[in-house]
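Please treat every number below as a calculation from the coordinates, not as lab data. None of the values given here were measured: they were computed from a predicted structure. When we count neighbours, we look across all protein chains shown, and the Cβ atoms used for this are built from the backbone with ideal geometry, even at glycine.
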Amino acid sequence: MTKKLFASALIELMQVKPYHKITVKEICDQADLNRTTFYLHYNDISELFNEIVKEVEEELSQYVPPTETEQDRLTFMRKYLEYVKKNPVIYKILMSSDQNGGSKTRILTDILNYRKEDLPFFGSETNNKYIYSFILNGSISMIFLWIESGFDMDIENLARLIDKLCYSTYKATAV
């Protein structure tokens with residue numbers, strides 16, 4: 001329970017302040033706990049943050065099944081969007097920029113590495129790097145817009161739109 005309070009406090013503070021400017025004292029004040037309790041659980045803020053990122057990564061990795069067919073891809077995207085809709089604040093904080101402890105790059109890299117053997121190869125590692133960056137960052141931007149627009153599109157339609165754009169990029173650049 002105490003760890004959850006610290007995690008919630010950090011997430012709340014990150015909504016109004018950059019990660020690197022948050023102090024242990026602020027986290028403790030927000031959680032209504034003392035510094036001694038914080039240091040019983042964590043060595044520093046980055047350890048708390050890494051625990052939050054790891055928890056999100058573990059949850060998101062459940063949604064990365066084999067995506068061999070269009071139905072597999074849509075099932076993955078629906079589940080992923082359901083997670084985002086249930087957790088928009090944490091998603092936006094962790095995926096908004098790498099100023100938040102490098103979480104965006106870490107989460108995306110881990111997801112790609114988890115599925116690397118199933119992903120198409122675009123002729124070279126350099127091509128892969130740019131094409132996957134385009135696909136992932138475009139998808140993240142669409143999801144951010146969806147959150148900011150109050151979830152104005154249903155999950156099914158957004159899943160189909162993202163899949164269509166990602167798959168057409170894949171088809172257009174396949175070697």
* List 153, 77 from most exposed to least, where exposure is judged by having the fewest other Cβ atoms within 10 Å. => 153, 77
* Rank these for me by crowding, 96, 168, going from fewest to most other beta carbons within 10 Å. => 168, 96
* To do: May I ask you to list the trypsin sites (Lys or Arg not before Pro) in segment 1-95 that are in a DSSP loop and have at most 14 other Cβ atoms within 10 Å of their Cβ?
  => none
* To do: Among the listed pairs 4/54; 86/164; 54/92; 4/86; 79/164, give every one whose C-alpha distance is greater than 19 Å.
  => 86/164
